[in-house]
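J.: Can you read through this structure? Questions will come right after.
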Amino acid sequence: MARIVVDVMPKPEILDPQGKAIVRALPHQGVTVFSGVRQGKRFELEVDGEVTDEILATAREAAETMLSNPVIEDVVNVSVIDDVEA
Amino acid sequence: MSANTFETPLVADLSAPGADPALKDVRVGIVTFPGTLDDRDAARAIELAGGTAVRLWHADDDLQRVDAVVLPGGFSYGDYLRAGAISRFAPLMARIVDAAGDDGGLPVLGICNGFQILTEAHLLPGSMIRNDHLKFVCRDQRLRVENASTAWTGDFTAGQEIVVPLKNNDGQYVCDQVTLERLEAEGRVVFRYLGRNPNGSLNDIAGVTNARGNVVGLMPHPEHAVEPGFGPDSTGSGPVAKGDGTDGLGLFTSALNALVNGSSAGSATTDGGTRA
């Protein structure tokens, strides 16, 4: 079994209220070195068998049409990870 | 009452005279998705406005010859993925997109989660993200009707103020700068928040329409301000007896009257409305 990872992030020009709340909360844990946080999403698409170019293309399409909303988000990564043990 | 209309409990007397009997022939579909909350309120609003509410199920493939559609509020699919993102792919949504698109002109109103579904389905521009302050907002909200020539606002006058409840988590309207300028230039901002912006929406936008004016989406809930005793404590004109605010009814009567009078869906671009 293999997995395709899709990472989606809010567009740079879109305010990310959740990231803003996180960066404000970090100092409560004594963490003060981070000046900004942006929160995105990671999807793992499981594939039985090998990931062909066609399957990868399908994953890219699903990432653009359903997993992300192009008005507010960018797909920043679509890549294959092979599980060490299935 | 036929099997696929909503049973309406007699809190108010729905047989009270006043409504144009012709309105009763207007069939308005109320779509229920898994997790929809306000379908019964929306159906009741249609009935109180004088029309006939028709129950539609998201997984069906048939619009049952309705004359208009309301996508009610709630948390369809628990807002999983993004609010409205999964509902958008429901079989019935494909029919609605066809019927409401450029060749169709079916009047469609999306309220709250329904608005989110309409943006995900690309029937309306922009998108909603988390409220800028990250808190759920529930309050009576004053709005200005900016465009009174859509299919859902014809009974208002441009610039009129109304009060309806607002209750949401992901209510911050966003779009790119080019879209924002086009919406403003074409008079496609239908409702604007007055007073403090409740969620960080660009230009205080509470609702928008498509170019033709038949599809309208708004975050606040007009269907919760349709019945004396159960609405806000004020109207656009000022305070009223507790719960007697019924400003939301105008959206539903607008659509029914426009359909009965045979006027077209209205044009967002000819009248323009007023601007902030």
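The values are calculated or read from the model by the stated rules, or taken from the named source; none is laboratory data. Since this is a predicted model, take the numbers as computed values, not measurements. Every residue, glycine as well, gets a Cβ built from its backbone with ideal geometry; the counts of neighbours run over all protein chains shown.
J.: Inside the range B:141-181, can you point out the residues that are within 14 Å of chain A (Cβ to nearest Cβ) and touching a residue at least 12 places away in the same chain (Cβ under 8 Å)?
T.: First, pick out the residues of the range B:141-181 that are within 14 Å of chain A (Cβ to nearest Cβ): B:168-180.
If the condition is that a residue be within 14 Å of chain A (Cβ to nearest Cβ) and touching a residue at least 12 places away in the same chain (Cβ under 8 Å), then B:Asn168, B:Asn169, B:Asp170, B:Gly171, B:Gln172, B:Tyr173, B:Val174, B:Cys175, B:Thr179, B:Leu180 are the ones that fit.
J.: Can you work out which of the residues in the range B:182-197 that are touching a Lys or Arg at 6+ places or on another chain (Cβ under 7 Å) and in contact (Cβ under 8 Å) with a residue 60 or more places away in the chain is nearest to B:Gly236 (Cα to Cα)?
T.: B:Arg192
J.: Continuing with the same structure: May I ask you to say which residue of B:Arg212, B:Arg192 is at pLDDT 95 or above, more than 14 Å from chain A (Cβ to nearest Cβ), surrounded by fewer than 24 Cβ atoms within 10 Å (Cβ to Cβ) and in a strand (DSSP E or B)? Step through it out loud before you land on a result.
T.: Working: B:Arg212 fails: in a strand (DSSP E or B).
None of the others qualify; the one that does is B:Arg192.
J.: Being within 13 Å of chain B (Cβ to nearest Cβ) and either surrounded by fewer than 10 Cβ atoms within 10 Å (Cβ to Cβ) or more than 17 Å from the chain's Cα centre (by Cα) (or both) is the filter here; which residues of the range A:18-35 pass it? Outline the logic, then answer.
T.: Taking the range A:18-35 first, the residues within 13 Å of chain B (Cβ to nearest Cβ) are A:18-25.
Within the range A:18-35, A:Lys20, A:Ala21, A:Ile22, A:Val23, A:Arg24, A:Ala25 qualify.
J.: Shifting gears a bit: Looking for something closer than 23 Å to B:Gly200 by Cα and among the β-branched types (Val, Ile, Thr) - is there at least one such residue anywhere in the range A:30-52? Write out each step before concluding.
T.: Pass one, the range A:30-52, residues closer than 23 Å to B:Gly200 by Cα: A:35-41.
This time we only want the ones that are among the β-branched types (Val, Ile, Thr), so: A:37.
Within the range A:30-52, one or more residues are closer than 23 Å to B:Gly200 by Cα and among the β-branched types (Val, Ile, Thr).
J.: Suppose we filter the range B:117-130 for residues that are farther than 21 Å from B:Leu106 by Cα and at the interface with another protein chain (Cβ under 7 Å from one of its Cβ atoms); how many remain? Spell out how you get there, then give the answer.
T.: Keep residues of the range B:117-130 that are farther than 21 Å from B:Leu106 by Cα, which gives B:127-130.
Still in the list and also at the interface with another protein chain (Cβ under 7 Å from one of its Cβ atoms): B:127, B:129-130.
Selection size over the range B:117-130: 3.
J.: Okay, moving on. Quickly run through the range B:73-104 and pick out the residues that are in contact (Cβ under 8 Å) with a residue 60 or more places away in the chain, assigned to a helix (DSSP H, G or I) and under 17 Å from B:Met219 (Cβ atoms).
T.: B:Asp79
J.: May I ask you to list the residues in the range B:195-208 that are within 14 Å of chain A (Cβ to nearest Cβ) and over 24 Å from A:Pro12 (Cβ atoms)?
T.: Residue satisfying the conditions is B:Pro198 alone.
J.: Consider A:Ala63 against the criteria (1) more than 14 Å from every other protein chain (Cβ to nearest Cβ); (2) surrounded by 11 or more Cβ atoms within 10 Å (Cβ to Cβ): it satisfies all of them except one. Which criterion is unmet?
T.: (1)
J.: Still on this model: Of (1) without any contact (Cβ under 8 Å) to a residue 60 or more places away in the chain; (2) closer than 30 Å to A:Val8 by Cβ; (3) touching a strand residue (DSSP E or B) at 6+ places or on another chain (Cβ under 7 Å); (4) buried (at least 22 other Cβ atoms within 10 Å of the Cβ), B:Cys138 satisfies all except one. Which?
T.: Looking at each condition in turn, B:Cys138 falls short on (4).
J.: Only one residue in B:Ala59, B:Ala53, B:Ala43 is free of Cβ contacts under 8 Å to residues at least 60 places away in the same chain and part of a helix (DSSP H, G or I), so which one is that?
T.: On the way: B:Ala59 fails: part of a helix (DSSP H, G or I); B:Ala53 fails: part of a helix (DSSP H, G or I).
Criteria check complete, one pass: B:Ala43.
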